[in-house]
Amino acid sequence: MLRHLKPKPALAVLLALAVAAALAVWHPWRRPAAPAASAPMAFTTAGGGTEPAGTGGKAYRYKVRAEDGLAERPEQFAAEVDAVLADVRRGWSADGTRTFQRVSADPVDFTVYLATPASTDRICGQYGLDTGGEVNCGAGHQVVINVKRWTDLTESYRGRPQEYHALAVNHEVGHVLGFGHVDCPGPGLPAPVMQQQIFGLHGCLPNAWPFSDTGALLTGPPVPTPPPTQQP
Ligand SMILES: [Zn+2]
């Protein structure tokens, strides 16, 4: 009995292999080519603009764009970005070396995007940056804020969206201005905005602003590698 059943498992294996081989090339249930990989990204530029903020120095013009389909409207996002860049007491204009003005048409010095994780990866990837669907980036003339991070915040800024949003904008705009990463200067001190705070505060306290209340640049020991433009 066992003897004459022996060939059957072999036949079953052959049959299974044949079916598997056929299925490997025939996928009637699969959609043709994933559209996400090559679909054009659609962004809308926030209308209107602002007066220049700051007391002098180099004048930076920027525009703000939000990806179509996000809950956050371009004007809403722009209002937050504007408020951060117009903070003349603690923001990048505080030392009088630069002013910021939002415009809605070119020419601009940089663009601030609010983008889906996939689009963030695509734009940042053009600069060789790996944002992994998780983080923001600032490179060249682009600041890209990942809507996932904008919404979910980070561990240190849980429940404080306004603070995290200020940090995200200040950090990535800092890259566009030419600032690289620095580390925590010492336990209990404010974390510099150019510290990658998302990866740990290293004993520093959360801080979202480049300058202190007394006008001192909050910085720390430079992080040597890789080059600043190669990191998000
Ligand atoms: Zn960075």
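Summary table
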read-out	value
Residue among Gly138, Gly174, Gly159, Gly125 that is within 17 Å of Tyr62 (Cα to Cα) and out of contact with any Asp or Glu (no Cβ under 8 Å at 6 or more places or on another chain)	Gly174
Among the residues listed as Asp95, Asp121, the single one being out of contact with any strand residue (DSSP E or B) (no Cβ under 7 Å at 6 or more places or on another chain), among the acidic types (Asp, Glu) and touching a residue at least 12 places away in the same chain (Cβ under 8 Å)	Asp121
Some residue of the range 25-41 being at pLDDT 95 or above and surrounded by 10 or more Cβ atoms within 10 Å (Cβ to Cβ)	no
Pairs where the first residue, in the range 103-117, is within 16 Å of Ala71 (Cβ to Cβ) and the second is at pLDDT below 95, C-beta under 7 Å, 6+ apart	none
Helices (runs of 4 or more DSSP H) lying entirely in the range 105-215 (those with 2 or more residues that are within 16 Å of the ligand (Cβ to nearest atom) and among the β-branched types (Val, Ile, Thr))	117-125, 161-176
Scope the range 88-102; condition assigned to a loop (DSSP other than H, G, I, E, B) and surrounded by 22 or more Cβ atoms within 10 Å (Cβ to Cβ); matching residues	Gly91, Trp92, Ser93
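The values are calculated or read from the model by the stated rules, or taken from the named source; none is laboratory data. Since we're looking at a predicted model, the values are computed, not measured. Cβ sites come from the backbone with ideal geometry, for glycine too, and all protein chains shown count toward neighbours.
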